[in-house]
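First up is the structure itself, then whatever we jot down about it.
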Amino acid sequence: MNDRVAPSLAPPLAPPLAMLMELTHRCPLKCPYCSNPLALERARDELDTATWKRVITEAAGIGILQAHFSGGEPMVRSDLPELVRHARAEGLYTNLITSAVLLNAARMAELAEAGLDHVQISFQGADAAVADHVAGFRDAHEKKLAAARLVRDAGLALTLNAVVHRQNLHQLSAMIDLAVDAGAQRIEVAHVQYYGWALKNRAALIPTRAQLDEATRIVTAARTNLAGILTIDYVVPDYYAARPKACMGGWARQFFNVTPSGKMLPCHAAETLPGLVFERVTERSVGEIWANSPAFEKYRGTGWMAAPCQGCERAEIDWGGCRCQALALTGDAGATDPACGLSPDHAMMAALAIAESGAAVDDFAYRMIS
Amino acid sequence: MSLTATSVPRLARHVRFRFDAARNCHVLLAPERVIMPDAIAVAVLECCDGVVNVAEIADRLATRYEAPRDAVLADCLEMLNDLADKSMIAS
């Protein structure tokens, strides 16, 4: 009863490390696991250039170190180089997260000249047959290969984002080889996380346990063989995990997201949580929202936790896992993430993965504006 | 790939090293990575100009901090090799 930390004794709020800017939800690709919400925002509602520049300045002012330019496809915005230049002038490390199908030599030169540090290109497979099917876009794979060469030739850091799932995991080794051949310094092998579009397509995407074990074996071996050549970051799928991931490094602890229309979120999927009001950067400053917005404070720290998280020795390691996943699978956003073996819903989650991965459902509901 | 006393270390092209006023410390920035080096690492990194080698860095720091030169050299190599493994230091 008396061991709760009074609010006045709570540790001071640390500065966030990074901001992810969804400059737009427009995108030529239709990937069925897109991290954007099901209700995509319209072009007419997007923030203008001056507002994004103010947001970047305010975010730098509260201590972010990395600025991620994302979407949708951020390259549909013609002001992207101007925004990159502004972020660099604010001292930020600038990262472009792109499908790369709109990247050509002229635009690459413009971005490099603006001071872009790092480009992350998503790959949907190791060859055009698989990759173009997943992306729902003809010739996407060829365009990405050409774009990767442009990034390398411009001397920028290159990461390949390999989002993996049941329908492309058989190409994982080839995707790692592709990263080396493309001159990437880094690859993110990320199993699909099941929110939004991916949740809608879960039965067509979720891997079998055998596929997951094989993927982990391939990554482990490649990390040894490619040490000093290629850094491999690996995101494992929660559905077969024993402990949850520290989603976003903890709710509103290191990171925030700004949507095309200016809503500020603790994570890109946070809008799936009912009862939270996300404030807009057009109405309050980034710093005020970060420090005081009720939606940011709702699951910040450990005070909100119930059993079995409350008092768990891992409470400040995994921060209770993912709120969106807790909601999607248990109906309660404040519950322990069922990815945790201590969750009463853990067995249900594993059973669901086994059942859905064994079903022969391969059709996608492609991402689109409804 | 390991650095030795005669290697000339420099920051990898994709890495930036600067002071961060919000945290009152130095930071190393790389793709999806932020490292906050301790005071000794900062002293070493400030010497990594792509001209001097690790032995010369150790000489310089041993003199500045009045520390045993061989121990300083070993510390420099350990720290720089750790960052090289993370592709943050090249030579």
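Given region A:65-108, report the % of alpha carbon pairs whose separation exceeds 17 Å.
28
From the Cα gyration tensor of chain B, with a ≥ b ≥ c the square roots of its eigenvalues, which class applies: rounded if a/c is under 1.5, or else prolate if a/b is larger than b/c, or else oblate?
oblate
List the residues of region A:42-87 that lose 50 Å² or more of accessible area once all protein chains are present, compared with their chain alone (1.4 Å probe, heavy atoms only, no ligands or nucleic acids).
Flagged in region A:42-87: A:65, A:66.
When only alpha-carbon atoms are used, what values of Rg and Dmax, in angstrom, describe region A:225-288?
For region A:225-288, the Cα radius of gyration and maximum Cα-Cα distance read 16.4, 51 Å.
Can you compute the radius of gyration and Dmax for region A:155-218, using only the Cα atoms, both in Å?
Looking at region A:155-218, its Cα Rg and Dmax stand at 12.9, 40 Å.
So if I take the centroid of the Cα atoms in region A:205-232 and the same for region A:111-126, what is the distance between those two points in Å?
Computed from Cα coordinates, the inter-centre distance equals 23 Å.
Per 0.36 nm of contour for each residue apart, how much would the distance between residue A:297 and residue A:109 grow if the chain were fully extended, relative to their Cα-Cα spacing?
In short, 63.5 nm is gained.
At a Cα cut-off below 18 Å, give the lysines reachable from residue A:263, other chains included and same-chain residues fewer than 8 away excluded.
The qualifying lysines are A:53, A:298.
For chain A, what relative contact order do you get, as a whole percent, if you take Cα pairs closer than 8 Å and at least 6 residues apart?
19
If you roll a 1.4 Å probe over chain A with all protein chains in place, what percent of the accessible area is carbon or sulfur?
Ligands and nucleic acids excluded, carbon and sulfur reach 55 percent.
So how far apart, in nm, are the two label points at residue A:351 and residue A:170 if each is 7 Å from Cα heading toward Cβ?
3.1
Residues of region B:45-91: accessible area per residue at 1.4 Å, in Å²?
Solvent-accessible surface per residue comes out at 54 Å².
If each residue of separation counts as 0.36 nm, what is the full-extension length gain between residue A:243 and residue A:277 once their alpha-carbon separation is subtracted?
9.3 nm
Which residues, if any, in region B:50-91 have at least 20 Å² less accessible area in the whole protein complex than in the isolated chain, probe 1.4 Å?
In region B:50-91, residues shielded by partner chains: B:87.
Suppose the Debye formula is applied to equal point scatterers at every Cα of region A:143-184; what is log10 I(q)/I(0) at q = 0.14, 0.22, 0.28, 0.33 Å⁻¹?
For the requested q values the scattering log ratios are -0.33, -0.72, -0.98, -1.15.
For the interface of chains A and B, what total accessible area is buried with a 1.4 Å probe, rounded to the nearest 100 Å²?
Rounded to the nearest hundred, the buried surface is 1700 Å².
List the residues of region A:127-176 that lose 20 Å² or more of accessible area once all protein chains are present, compared with their chain alone (1.4 Å probe, heavy atoms only, no ligands or nucleic acids).
Output list: A:155, A:157.
Give me the one-decimal nm value for the distance between modelled label points at residue B:19 and residue B:53, 7 Å along each residue's Cα-to-Cβ direction.
The two pseudo-label positions are separated by 3.2 nm.
Considering every residue in B:18-30, what mean count of other chain Cβ atoms within 10 Å of its Cβ is obtained?
4
Between A:119, A:277, A:84, where does the largest GNM mean-square fluctuation fall for chain A, given springs only between Cα atoms within less than 10 Å?
Sorting by GNM fluctuation, first place goes to A:277.
With the full set of protein chains in place, find how many percent of the accessible area of chain B is carbon and sulfur; take the probe as 1.4 Å.
Result for chain B: 52 percent of the exposed heavy-atom area is carbon or sulfur.
Per residue of A:15-22, how many C-beta atoms from partner chains lie within 10 Å of its own C-beta, taken as a mean?
The per-residue average across the peptide is 1.
In whole Å and largest first, what semi-axes does the C-alpha gyration tensor of the protein assembly as shown yield when each eigenvalue is scaled by 5 and square-rooted?
Over the Cα atoms of the protein assembly as shown, the semi-axes work out to 34, 28, 25 Å.
What is the mean number of Cβ atoms from other protein chains located within 10 Å of the Cβ atom of each residue in peptide A:222-231, rounded to a whole number?
2
The values are calculated or read from the model by the stated rules, or taken from the named source; none is laboratory data. Since this is a predicted model, take the numbers as computed values, not measurements. All Cβ positions, even for glycine, are placed from backbone atoms using ideal geometry, and neighbour counts span all protein chains on display. The area values use the complete protein model at the heavy-atom level, side chains included, leaving out ligands, DNA and RNA. Shrake-Rupley method; radii C 1.70, N 1.55, O 1.52, S 1.80 Å.
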